[in-house]
1. At 0.36 nm per residue, and after removing the present C-alpha to C-alpha distance, how many nm does the segment from Gln66 to Lys108 gain when stretched out fully?
2. Would you mind ranking Ser123, Ser78, Ser112 so that the residue whose beta carbon has the fewest other beta carbons within 10 Å leads the list?
3. Taking H placed 1.01 Å from N in the peptide plane, check which residues at least 5 places from Glu86 or on another chain put their amide H under 5 Å from its amide H.
4. Provide the gained length on full extension for the span Lys127 to Ser78, in nm with one decimal, where the gain is 0.36 nm per separating residue minus the Cα-Cα distance.
5. If you add up the charges near Ile56, with Lys and Arg at +1 and Asp and Glu at -1, over every other residue whose beta carbon is less than 12 angstrom from its beta carbon, what do you get?
6. If one puts a single equal scatterer on every Cα of segment 54-133 and applies the Debye formula without solvent, what log₁₀ I(q)/I(0) results at q = 0.13, 0.25 Å⁻¹?
7. Based on other C-beta atoms within 10 Å, arrange Ile56, Ile125, Ile71 from fewest to most.
Amino acid sequence: MWLRPGFGLKIFRKSALAKHLPQDYFLGSFWKTFTRRFRQSASVLLEKNTFMAVRIRMKRIGAKNQPAFRIVVADGRSPRDGKCIEELGTYLPHKKGTNFTLDLDRAKYWLSKGAQPSDTVASFIKKAGKAAAVPA
């Protein structure tokens, strides 16, 4: 139960829970320490900005027993078949030979921005990179 100073604090001081709290809880130093630590951790998270929740993964679009996938850039928190930011290609697992298409330039762009590919998509990017390097 988190209470702000002045928000029902007088009633809470007399309750049975108050005896289990530190002595300086009601003096304000608890709140000063808590808010200072929270501000510091929040500023560190905002300054580093190392984590990006964008993933390059597959989205299923095929019918029952006929799988087909789109290779998409999506928020990591969105569901598998949910909204995506951009479509990069397709994957048809039942097709023989080259069964995927991929816009390699856009994939490299998203990788440079910090997007994390799934294992399968990472292998597709690797294969597409090798195929693009051979003719040139």
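Any read-out appearing in this document is the output of simple, stated calculations on the displayed coordinates, not a laboratory observation. These numbers come from a predicted model, not from an experiment. Glycine gets a Cβ as well: all are built from the backbone with ideal geometry, and neighbour counts include every protein chain shown.
1. Values: separation 42, 0.36 × 42 = 15.12 nm, distance 2.94 nm.
Extra length from Gln66 to Lys108 when fully extended: 12.2 nm.
2. Ser112, Ser123, Ser78
3. For Glu86, the qualifying residues are Val73.
4. 15.0 nm
5. +2
6. -0.37, -1.26
7. Ordered by Cβ neighbours within 10 Å, fewest first: Ile125, Ile56, Ile71.
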